[in-house]
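Read-outs throughout are calculated quantities, based only on the coordinates presented, and are distinct from any laboratory measurement. All figures in this text were calculated on a predicted structure; none of them were measured in a lab. Cβ sites come from the backbone with ideal geometry, for glycine too, and all protein chains shown count toward neighbours.
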Amino acid sequence: MIGTLDQALITRILETYKAENNSLMNQLYDIWYYWRGGISRDDIWAMCPTEREFAVDFLNRRFKEIGEARKNGAMPFY
């Protein structure tokens with residue numbers, strides 16, 4: 001594609017890469033923030049996509065559990 005020398009196509013491809021990179025960075029930093037020091041930055045960066053999805057699913061389940069516990073008047077441990 002880049003070999004076509006079509007400047008508009010090259011720009012679209014680079015913008016797509018930039019958007020994907022930003023999305024990945026946001027996901028990695030979200031995981032890193034919510035694990036609160038339980039995982040190092042290098043460990044987060046070394047995760048494969050499946051591991052990242054598992055970590056995000058785990059965090060979402062935990063947030064849901066905490067929300068339900070709070071609704072019932074409990075003070076959950078984070």
Radius, Kirkwood style, for the chain when every pair of distinct Cα atoms is counted (Å): 15.2 Å
Filtered trypsin sites (Lys or Arg not before Pro), the chain: DSSP coil and at most 11 other beta carbons within 10 Å: ARG36
Inter-part distance where region 54-73 and region 33-50 are each reduced to a Cα centre, Å: 19 Å
Angle between the chain longest axis and helix 49-71 axis [Cα atoms, degrees, rounded to 10]: 40 degrees
Proxy reagent accessibility, fewest Cβ within 10 Å first, across LEU14, LEU5, LEU28: LEU5, LEU14, LEU28
For the chain, calculated [θ]222 nm from helices alone, where every DSSP H run of n ≥ 4 adds -39500 (n - 2.57): -25000 deg cm²/dmol
Nearest-ten-degree value, helix 7-34 long axis tilted from longest Cα axis of the chain: 20 degrees
Taking TRP32, TRP45 and counting other C-beta atoms within 10 Å, the order from fewest to most: TRP45, TRP32
Cα-centre dipole for region 2-71 with unit charges at Cβ (Lys and Arg positive, Asp and Glu negative), debye to 20: 380 debye
Contact order normalised by residue count of the chain, Cα under 8 Å, 6+ apart, percent: 17 percent
